[in-house]
Amino acid sequence: VQLQAFGGGLVQPGGSLRLSCEASGSIGSSNLMGWYRQAPGKQRDLVAVKSRGGITNYADSVKGRFTISRDNAKNTVYLQMNSLKPEDTAVYYCNLVSRGYGYWGQGTLVTVSS
């Protein structure tokens, strides 16, 4: 299984970005896809995850600002990030859990700064 993430970059506070991540390979029909992030000097934390069946879970810090969505036909997960804050600056990692195994993408840097 491989995960390819796109969409990071530099944005001003209050701005928006959309991340996408496409999974390829032997992906089970029942899986969980989502995003984690890691700021400098901090641990990797959950941002949002969504099951193939549509169940979602968000970190409290992003509720109401970020939206996770999936295109199951394309094995792709998206993260729409609005009202970005400097504290959202981090490397964002795509994650897939399938058949008891977890997989990570290469990470994409999001920098929120004026």
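The table below lists the values:
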item	result
Accessible surface, per residue, of the range 18-102 when the full set of protein chains is kept, probe 1.4 Å, Å²	51 Å²
Rounded percent of accessible protein surface that carbon and sulfur make up, the chain, 1.4 Å probe	47 percent
Net dipole in debye of the chain [+1 Lys, Arg Cβ; -1 Asp, Glu Cβ; about Cα centre; nearest 20]	160 debye
Separation of alpha-carbon centers, the range 82-105 and the range 1-58, rounded to whole Å	4 Å
Convex hull per residue volume in Å³, alpha carbons only, for the range 57-114	105 Å³
Lysine-lysine proximity count for the chain, Cα under 23 Å, sequence distance 8 or more or distinct chains	6
Inverse mean reciprocal Cα-Cα distance (Kirkwood Rh) of the chain, Å	14.0 Å
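The values are calculated or read from the model by the stated rules, or taken from the named source; none is laboratory data. Nothing here was measured: the structure is a model prediction, and the numbers come from that model. Positions of Cβ are generated from backbone atoms using ideal geometry, with glycine treated the same way; all protein chains shown enter the neighbour counts. Side chains included, ligands, DNA and RNA excluded: accessible areas come from the protein's heavy atoms. Shrake-Rupley method; radii C 1.70, N 1.55, O 1.52, S 1.80 Å.
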